Structures are given as C-alpha cells and as structure tokens.
C-alpha cells in the first residue's frame, strides 16, 4: 500500500467517524424524546393539566406547576428584559473605552460562567433573607433574572453592533439627539437580534431547577399562585420531585410533565430561530 | 430640556450595566460572609483534609474532599464522552461536510444544550442506568457513570459549536496551501487547521468543563447522595452541587451550621469555575486575531 492510498483511506475513515459522531448526537436526542413520549403520552390529558398535586399518582396533576412556570416566565421577562437591554445599550453606545468598560466586560464574561446554583445561594441570602421576600415567586424571578442577564446583555450588544454606523450618523445629521437616534433608529433595526437573545435566555430560565430549589420553591404547593408574593412550584421542580419517587405511576407523571416542559422549550427556541432568520432576510443594508 | 432628558437616560442605562457589577460583588460577599461563619466553627484544615463529609449525621465530619472527588469524577467522565465526539463533529462540520449539511446540523445539535437538565436527569436514572446494568450487573442504580455520560452528551454542543466556529474562522488560504501540496482533508485538518484554531478549541473545552463542574440536576437525580472518596464509577457518590440541592430540599434553619455548609460548598465550587473562566478569558484575549 502506497502512502497516498493509505492517506486516502485514513481520510475516508475519518469522514465516516465524523458522520457517525454527528448522527450520534441527533440519534440520542431522538431516543430521549421517543422514550419519554412512550412513557408519558398516555398520561397527557386536560385532567392532568387541571389537577392539583396528590399523593396518588393517578390523581396528581401539574396545575400548580405550569401556572408557576407561567408566573416565573412573566415576572422574569418583566425584570430581565429592560435591565439586560438597557445594560447592553449602555455598553455598546455610551461606555467610553477604558478601564471601566473593561471591568464591566470581564465581569459579564465571568458572570456568564457562574454555575446556576450559585445564583440560587445569592438569591437565598439577598432576596429571601435580607429583602424578606421569602420563598416567593418574586424572589425566584429576581434570582433567575440575574442568572440570564449576561446572556441578554451579550446578545443585545451583538445585535446593536450589527447595525451600520451610517444609520446613526444619518440620524445625527438630521438633528436627532443620541437617545432619539438609539430609540427610533438603532433599536428597531436590532430588535430581531435582541428578541432572539431574550427568548432564548427566558427559555433557559424556564428549564432551570437548581437555583429555584435553593431559593425555596416547594415541591408540594396545594394552591395556584395568585400574587407575586405567593409560594410556588414550577414544572422542573415537580418533575424532579416525581422522578425521585419509587412508584411507577409518578415516573409516568414525570414523563408527561417533561413532554409539556419540552414543548414550551422547543416552541420558544423555534420562535427565536424564526425571528433570527426573518430579520436576517428582511434587513439588508 | 433635551439635555437633562439625555443625561437622565444615560444615568439610567448606566445603572442597568452597574447591576452586573453589584451581582458579582454580592455573590462574592454572600459566599465569603457565610463561609467565614462556617470556618469559625470548623477548622479550614479539617475542611481541606478530612476524608469524610457527614454534616447531616450525628457524627459530624466536614471534609470537602469526597464532594470535590465526586464533582471531578463526573466531570472527567463527561469530558471523556464530550471531547472526542464534540471535536470530531467540529472537524467534520467545518472541513468535510457540505455547507447545507452544516447549516442544518449545527443548530440541531445545539438543541441538546437547550433541553432542561432535569430532563437529562430523568434519562440518566431511568434509561441509561438500567441499560448499563445489563453490562455491569453489580452496578448501583445511582452511579457517577450514567450521570457523567449523560452530562457528556449535554455538553457536546459546547465543544462542537464553539470549536467549529474557531475552525471555520481559520483563513481559507492556509487550507488551500495544504491542499496544494497534496494533503488530504484529514492531514489538512490535523496538521494545519486544528493547530491554527487551537486557542479557540481550548477555550471551548474549558467552558464545557466549567459547565460540567457546575451542573446540578443530572447528578442530583442520577448520581446518588452519598459523599464518598472514590474513583469507582459504579457506586453512588455526591457532588458539591448535589449536596447544596440535598440540603435545600430539607428544612434547614437560617444560621445553623448545616445552613452554612452549603455556602462553604458553594464557595469551593465558585473558586473552581472562577479559575477556569479566567483561564479561558485570558487565552481568548491573548491569542485571538492571530491571523487578521
């Protein structure tokens, strides 16, 4: 065998490995979802969505869990969206290059790498104890907002960076102030990218379990939360609780709840991808 | 009128950005204050050298080593799964695959990272563990092997996507020079593009490591809750993160020693990920734009 044929053989072999490895990830994902589908689809019903938690698996439902998840979704968006976009605008448009902006940048990169459970400890001490919010929806959403802030800031900055300078300069030439240029030119032009980042980060917050457990979300909540100060549970915590029980009925419930959680996650990711593609096509400079 | 409005808006936006700094300061302060309280009752030497971690038992030991060992063991298993697969995917997608294929499969793989981790925990405990028990009948239902493997699958996209970005950014001219001298795609990839993109690849690996160390729900569900100083992947262990969850699930009164242990564990975790993040940040700053 000559060197050339040997090299070509190695090349072809690696090609096979590459295809296999790529498909491996996809196949595993399909096995995951197939498995959970097989376990949980029989349990999915309006009854399951409308029932309170119970000791008996056949009677237990996820009403408190999915309403809790919706509360968290709403409150976290309300807090994190303005803060994150505001910080992104400041860093991209206002901050002067120098030690201050350097520190802010290093700091945000570092925050993005802090494990989510550490945010839970932060929330436990600051929001639950010092601010006296207890294990409430508000404490949970504040904690999750801090967790996703770095993601929103980074995607906001990238979206703003993609808007050409000429747009801003044209606005200035017409006598616009800085904020007028940002508000009526730069933000509308970068909204697609910003929204994509916000939706992706919120979908991450929806799936978070650990920080909320630390903050004090409960596994068993027998009522639907009515105000942001109420105690709460969310879908991932309900799933965690059911997975750790020995009875098979609860495993089936967990699988059914996972199907709901995954649908929410995938729909949000789908919207984000759709927005990204639409804006990329529509906006051509 | 306009001027004051502009000024107020700028200040408000600055406050938004400043919140991130407050967050970091609060994290460090909270962890430090509670950990200092902990170390007033437990000597730091015991904490670092004792081989047992039993703060919830009558016979209390406060050695962090079993938790650190559990964390590193699951992380090692995870990276052993994710590194070869993720890197192969990255090289395949950037050097071999047709453009259309890359455009479809890259986002598809990123779905793996978007799945909530509690779902992975379900999978590790109820699918992967029973499957592995067919091969290792004596293996416990809770073990670090299945948790580690599933965690590895979860972090594949961190390595594949970020490494692929780095490989893709290597200038075409380098590849063309290698092809011109008769190299195969394999030779070009491993002798030219991978070395050229090595800093980006290393950064992706470090980020994946840091993610694995901080991962909580998979190990809390599937690895057991028994702190144990062992490298045996078939027995139940406990990681730092799983311990924090275990304590938080129970009713631990504020100010008690048990309450402080989760902050002592937390600060240990924070130190690990902080070091890893800063290494990756340093590499990124120092080696980027080498070819521009």
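A few comments on the model shown:
- Among the residues of region B:205-231, those identified as assigned to a loop (DSSP other than H, G, I, E, B) and either assigned by TED's automatic domain parsing to the domain that holds residue B:37 or closer than 27 Å to residue B:157 by Cα (or both) are B:215, B:216, B:223, B:224, B:231.
- Any chance residue B:59 is free of Cβ contacts under 8 Å to residues at least 24 places away in the same chain, touching a strand residue (DSSP E or B) at 6+ places or on another chain (Cβ under 9 Å) and not assigned by TED's automatic domain parsing to the domain that holds residue B:264: no
- At least 3 residues being modelled with pLDDT under 95 and more than 30 Å from residue B:214 (Cβ to Cβ) is the threshold, and among the helices (runs of 4 or more DSSP H) wholly inside region A:122-223 those reaching it are A:165-173, A:178-181, A:187-207.
- For residue A:141, the criteria (1) over 16 Å from residue A:92 (Cα atoms); (2) buried (at least 24 other Cβ atoms within 10 Å of the Cβ); (3) within 14 Å of chain B (Cβ to nearest Cβ) hold in every case but one, which is (3).
- Within region B:27-44, considering residues that are facing chain A (nearest Cβ under 10 Å) and touching a helix residue (DSSP H, G or I) at 6+ places or on another chain (Cβ under 6 Å), the one modelled with the lowest pLDDT: B:34
- Residue count, region B:95-125 (criterion: at pLDDT 90 or above and farther than 30 Å from residue A:11 by Cβ): 11
- For residue B:265, the conditions (1) within 28 Å of residue A:111 (Cα to Cα); (2) not in a helix (DSSP H, G or I) all hold with the exception of (2).
- Considered as a group, the residues in region A:63-97 that are assigned to a loop (DSSP other than H, G, I, E, B) and over 17 Å from residue B:20 (Cβ atoms) include one that is farthest from the other protein chains (Cβ to nearest Cβ), and that residue is A:97.
- Filter result (within 13 Å of the chain's Cα centre (by Cα), within 8 Å of chain B (Cβ to nearest Cβ) and touching a residue at least 40 places away in the same chain (Cβ under 8 Å)) within region A:202-226: A:203, A:204, A:206, A:207, A:208
- Any hit, region A:7-19, residues being within 15 Å of residue A:259 (Cβ to Cβ) and either in contact with a helix residue (DSSP H, G or I) (Cβ under 7 Å, 6 or more places away or on another chain) or facing another protein chain (nearest Cβ under 7 Å) (or both): no
Residue-by-condition table, conditions (1) more than 14 Å from chain B (Cβ to nearest Cβ); (2) in contact (Cβ under 8 Å) with a residue 12 or more places away in the chain:
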{"position": "A:122", "(1), (2)": "no, yes"}
{"position": "A:149", "(1), (2)": "no, yes"}
{"position": "A:161", "(1), (2)": "yes, yes"}
{"position": "A:167", "(1), (2)": "yes, yes"}
{"position": "A:174", "(1), (2)": "yes, no"}
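- When B:146, B:140 are checked against the criterion of being in contact (Cβ under 8 Å) with a residue 24 or more places away in the chain, within 20 Å of residue B:211 (Cβ to Cβ) and away from every other protein chain (no Cβ under 11 Å), a single residue qualifies: B:146.
- Every condition in (1) surrounded by fewer than 17 Cβ atoms within 10 Å (Cβ to Cβ); (2) more than 10 Å from every other protein chain (Cβ to nearest Cβ); (3) in a helix (DSSP H, G or I) is met by residue B:253 except one, and the failing one is (3).
- Scanning region A:29-48 for residues that are within 10 Å of chain B (Cβ to nearest Cβ) and surrounded by fewer than 15 Cβ atoms within 10 Å (Cβ to Cβ) yields a single hit, A:31.
- Looking only at region B:165-191, and only at residues there that are part of a helix (DSSP H, G or I) and either within 11 Å of chain A (Cβ to nearest Cβ) or in contact with a strand residue (DSSP E or B) (Cβ under 6 Å, 6 or more places away or on another chain) (or both), the one that is nearest to residue B:107 (Cα to Cα): B:189
- Top-ranked residue in region B:91-114 [being more than 7 Å from every other protein chain (Cβ to nearest Cβ) and within 19 Å of the chain's Cα centre (by Cα); ranked as surrounded by the fewest Cβ atoms within 10 Å (Cβ to Cβ)]: B:113
The values are calculated or read from the model by the stated rules, or taken from the named source; none is laboratory data. All values derive from a computational prediction rather than experimental measurement. Heads up, the Cβs are rebuilt from the backbone with ideal geometry, glycines too, and the neighbour counts pull from every protein chain shown.
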